[in-house]
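Chemist: Attaching a single structure in structure tokens format; questions to follow.
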Amino acid sequence: MEPSLARVDYLQVGVTAQKTMRLLPASGKKATQKVVVGDQDGVVTCFGIKKGEAVPVFKTLPGQKISRLELGGALNTPQEKIFVAIGSEVRGFTKRGKQFLSFETNLTESIKAMYISGADLFLCASYIYNHYCDCKDQHYFLSGDKINDVLCLPVDKVKCITPVLACQDRVLRVLQGSDLVYEVEVPGPPTVLALSNGNGGDSGEEIIYGTSDGKLGLTQITGTKAIPRWEIGNEKKRGGILCIDSFDILGDGVKELLVGRDDGMIEIYNFESADDPVLRHDYALSESIASIQGGCVGKEGFDEIIAATYSGWLTGLTTEPVHREGGSGEELKLSQEMQSKISSLRNELEQLQMKVLQEREKYQQSSQSSTAVSSVPAFSVNDKFTLNKDDASYSLILEVQTAIDNVLVQSDVPLDLLDVDKNSAVVSFSSCDSEPNSNFLLATYRCQANTTRLELKVRSIEGQYGTLQAYVTPRIQPKTCQVHQYQIKPLSLHQRTHSIDQDRPMNTLILKGQFSFAEIHSWVVFCLPEVPEKTPAGECITFYFQNTFLGTQLETTYRKGEGYFKSDNISTISILKDVLSKEATKRKINLNISYDVNEESVRHTLKLIHPKLEYQQLLAKKVHLIDALRELQVHEGNVDFLLPKYRSILEEADQLLEEYKRQPAHLERLYGMITDLFIDKFKFKGTNVKTKVPLLLEILDGCDQDGLIAFFDAA
């Protein structure tokens with residue numbers, strides 16, 4: 001049965017963070033549930049719905065922004081006490097709004113994640129985990145990378161306290177007290193954790209995780225190891241997962257999985273036949289889903305999904321039919337209800353318009369006086385800059401609490417702007433001087449009315465590093481703009497991975513010198529993405545990376561006074577050598593650099609590049625033939641006389657053009673990589689071969705792999 005869900009917008013609060021909205025337990029069997037939400041103005045709002053209108057239960061005064069909201073209470077009783085994390089403090093409220101707790105923790109940073117189980121409170125700052133029992137400090141753990149979420153397996157089922165941390169370095173860390181028991185590798189950086197079925201399943205050990213690249217999985221956390229149960233990829237290229245809940249919205253007696261994503265998608269998965277969940281229904285909102293819950297809110301007897309969006313809208317997807325079936329009397333009654341609601345909304349709108357005009361006039365008068373002080377309106381921007389493994393591009397997502405007027409994008413390094421299907425903004429490019437100002441990209445995106453979320457895609461060139469800047473201007477008066485900066489790193493297309501293939505032919509770069517562990521770590525952070533800024537604990541650390549464009553790999557191992565970098569791509573080693581030397585020189589540190597070049601690695605890298613090169617050359621040839629073949633088709637009227645390969649080009653013309661448009665300069669990028677590989681191979685031998693590059697480009701046009709390898713060997 002396909003669920004029939006109608007959208008209802010209940011209320012708008014301030015901008016909300018991830019996991020800051022919950023439904024309070026119903027007071028009776030048929031009663032509706034109250035919604036409680038915390039926003040970034042520091043206000044906790046609790047409301048119920050009566051006759052389709054939001055009726056407030058309580059509302060707290062503004063303050064510091066609320067980063068998390070959880071429900072708690074004694075174990076095996078209704079969880080109706082409200083706990084909010086504000087800075088480094090946890091406050092508790094009753095369901096009526098009376099504050100009963102103000103617990104100032106010993107955390108030096110703001111709380112990023114929180115979980116409550118009975119008298120146990122689990123808190124996480126960026127890297128630090130703390131466990132409190134009855135507000136007394138119990139356990140502490142320092143994580144190797146940023147902590148995004150925390151939960152604890154249900155104590156009544158597992159019989160011991162087992163916290164699980166979701167960490168940015170693609171692992172779940174399972175703890176016992178203050179000790180790490182084991183790590184669970186997951187396919188992407190986990191952003192959210194939830195107990196399977198809301199209670200950890202039959203064993204209480206099953207947890208569901210969602211990742212920032214849109215993957216979903218379930219794993220069983222036993223006492224000694226993790227058992228993966230299922231994993232769902234992100235074939236539809238949707239946004240990252242921000243929130244998860246379990247609720248029986250289909251009414252079939254089995255709880256469905258509700259998922260909220262940062263591109264505004266709400267998904268319902270159910271477990272109809274197999275163990276793996278199946279996507280049954282999805283619904284698109286225009287902004288990211290910060291929190292999601294299933295329950296009964298609008299009207300008793302009708303279940304619904306409640307979502308809190310980034311800009312603070314509380315939206316319901318209800319099973320209550322919009323058009324009721326019934327006699328004319330009921331229809332008349334419904335229309336009268338609707339008419340009174342519409343007239344009250346019109347009155348409210350007129351009053352708001354009058355108020356806006358009065359305030360605007362007031363501002364104009366005050367701004368023209370001799371003692372005028374210009375006030376810049378503050379607005380919140382939610383941004384995300386991440387590397388996509390599938391197409392080796394960076395996604396820049398900008399989300400504003402109000403409509404965006406335009407976004408100007410500027411870069412001091414060469415970047416390709418790629419097409420995004422979901423993007424309805426009009427883009428215009430400005431010519432820019434790359435020489436005096438190092439200005440390589442200047443583009444303006446003009447957004448359509450009511451656009452609050454904009455997604456851009458860029459592809460960088462490894463070895464060229466600098467800053468990408470986005471100037472965000474919303475549709476508010478007086479005009480104001482916020483600048484956001486994003487670092488393009490020297491090895492920007494590399495992504496962290498759990499392991500690498502040790503059998504590949506590897507080149508090695510060895511650094512030795514009078515540098516500290518913190519100094520060499522800061523250089524690695526400067527060169528590579530996804531490395532935690534905090535210096536790791538211990539004396540030595542190893543990270544593994546994979547190049548998302550070529551599939552080559554990199555292993556970095558370093559400690560105080562020495563660093564070892566191994567890669568099957570000699571260009572990666574060359575970039576590291578140049579950048580690390582420059583960084584050491586800036587700090588006046590003398591480096592002793594040695595390297596071991598494996599000749600076989602160059603052939604290996606060429607074999608990795610060649611299939612991509614062949615495919616792009618064939619695509620370019622097909623695209624160049626399309627206009628001529630279409631002209632032939634118009635003149636002749638019939639193309640049966642053409643060879644099958646030309647007929648297939650005409651049939652697939654639209655797809656070929658779309659693919660070519662989506663990947664501009666792809667072929668030039670591959671030519672550039674092969675040219676760099678050629679120059680770098682001989683640079684390590686002390687030979688300058690730049691004069692032979694034109695000859696190399698001629699061979700590349702011929703697309704002969706054996707000839708290319710022979711040229712590299714003979715040069």
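The values are calculated or read from the model by the stated rules, or taken from the named source; none is laboratory data. None of the values given here were measured: they were computed from a predicted structure. As a convention, Cβ positions derive from the backbone with ideal geometry for all residues, glycine included, and neighbour counts pool all protein chains shown. Only protein heavy atoms, including side chains, enter the accessible area calculation; ligands, DNA and RNA are left aside. Shrake-Rupley method; radii C 1.70, N 1.55, O 1.52, S 1.80 Å.
Chemist: Just round it to a whole percent: the fraction of Cα-Cα distances in the range 600-714 exceeding 16 Å.
Modeler: 65
Chemist: Under the rule of at least 5 residues apart or a separate chain, name every residue whose amide H is placed under 5 Å from the amide H of Ala403.
Modeler: Sorted by chain and number, the residues that satisfy this are Arg475.
Chemist: Shape call for the chain from the C-alpha gyration tensor, a ≥ b ≥ c root eigenvalues: rounded (a/c under 1.5), prolate (a/b greater than b/c) or oblate? Walk me through the intermediate numbers first.
Modeler: Details: a/c = 1.72, a/b = 1.40, b/c = 1.23.
Prolate, because a/c is 1.5 or more and a/b exceeds b/c.
Chemist: Rounding to the nearest 10 and keeping the result within 0 to 90°, find how far the Cα-based axis of helix 693-702 lies from the longest principal axis of the chain.
Modeler: 70
Chemist: Checking the a/c ratio against 1.5 first, then a/b against b/c, what shape does the Cα gyration tensor give for the range 414-556?
Modeler: Numbers: a/c = 2.25, a/b = 2.01, b/c = 1.12.
Since a/c reaches 1.5 and a/b is larger than b/c, the shape of the range 414-556 is classed as prolate.
Chemist: While we're looking at this one, here's another question. Once the mean 1/r over all distinct Cα pairs of the range 494-597 is inverted, what Kirkwood radius in angstroms do you read off?
Modeler: On the way: mean 1/r = 0.0724 Å⁻¹.
Kirkwood radius, the range 494-597: 13.8 Å.
Chemist: Here is a follow-up. With angles folded into 0 to 90 degrees, how steeply does helix 570-586 sit against the dominant principal axis of the chain? Use alpha carbons for both and round to 10.
Modeler: Around 80 degrees separate the two axes.
Chemist: At 1.4 Å probe size, with every protein chain present, just tell me what the per residue accessible area of the chain comes to in Å².
Modeler: On the way: 34610 Å² over 715 residues.
With the other protein chains kept in place, the chain gives 48 Å² per residue.
Chemist: Quick check: Cα centre of the range 178-224 to Cα centre of the range 90-127, how many Å?
Modeler: Taking the Cα centre of the range 90-127 as reference, the centre of the range 178-224 is 22 Å away.
Chemist: Over the residues of the range 383-488, compute the C-alpha Rg and express it relative to 2.2 N^0.38 Å. Don't skip to the end; give the middle numbers.
Modeler: Details: Rg = 13.6 Å, N = 106, 2.2 N^0.38 = 12.9 Å.
Ratio of Cα Rg to 2.2 N^0.38 Å: 1.05.
Chemist: Next question, about the same structure. Given the peptides 219-225, 488-494, arrange them by the average over their residues of other C-beta atoms within 10 Å, most packed first. Walk me through the numbers on the way to the answer.
Modeler: Numbers: 219-225: 15.1, 488-494: 23.3.
Per-residue Cβ counts within 10 Å, averaged per peptide and sorted highest first, yield 488-494, 219-225.
Chemist: Please compute, over every Cα-Cα pair in the range 1-54, the percentage with a separation greater than 12 angstrom.
Modeler: 72
Chemist: Now for a separate question. How big, in percent, is the set of alpha carbon pairs in the range 3-96 lying more than 24 Å apart?
Modeler: Details: 970 of 4371 pairs.
Of all Cα-Cα distances in the range 3-96, 22 percent exceed 24 Å.
Chemist: Next up: Counting each DSSP H run of 4 or more residues in the chain as -39500 (n - 2.57), what helix-only mean residue ellipticity at 222 nm follows after dividing by all residues, to the nearest 500 deg cm²/dmol? Please report the intermediate quantities before stating the final value.
Modeler: On the way: 10 runs with 167 residues, N = 715.
Only helices count here, giving -8000 deg cm²/dmol.
Chemist: If you average the sequence gap of Cα pairs under 8 Å that are 6 or more apart and divide by the length of the range 526-657, what percent do you get for the contact order? Show your work: numbers first, answer last.
Modeler: Values: 87 pairs, mean separation 19.2, N = 132.
Relative CO of the range 526-657 lands at 15 percent.
Chemist: Hey, another quick one. Ranked highest first by the average count of other Cβ atoms within 10 Å around their residues, in what order do 311-321, 31-41 fall?
Modeler: Values: 311-321: 20.4, 31-41: 22.2.
By packing density, highest mean first, the sequence is 31-41, 311-321.
Chemist: Determine ³J(HN,Hα), in whole Hz, for all residues of the range 342-359 in sequence, where each value follows from phi through the Karplus function 6.51 cos²θ - 1.76 cosθ + 1.60 and θ = phi - 60°; x replaces Gly and Pro.
Modeler: With the stated coefficients, the range 342-359 comes to 5, 5, 5, 5, 5, 4, 4, 5, 4, 4, 5, 4, 4, 4, 4, 4, 4, 5 Hz.
Chemist: Any idea how far the Cα center of the range 607-640 sits from the one of the range 492-539, in Å?
Modeler: 43
Chemist: At 7 Å along Cα-to-Cβ for each site, give me the label-to-label distance between Glu300 and Ser4 in nm.
Modeler: Distance between the two pseudo-spin positions: 2.4 nm.
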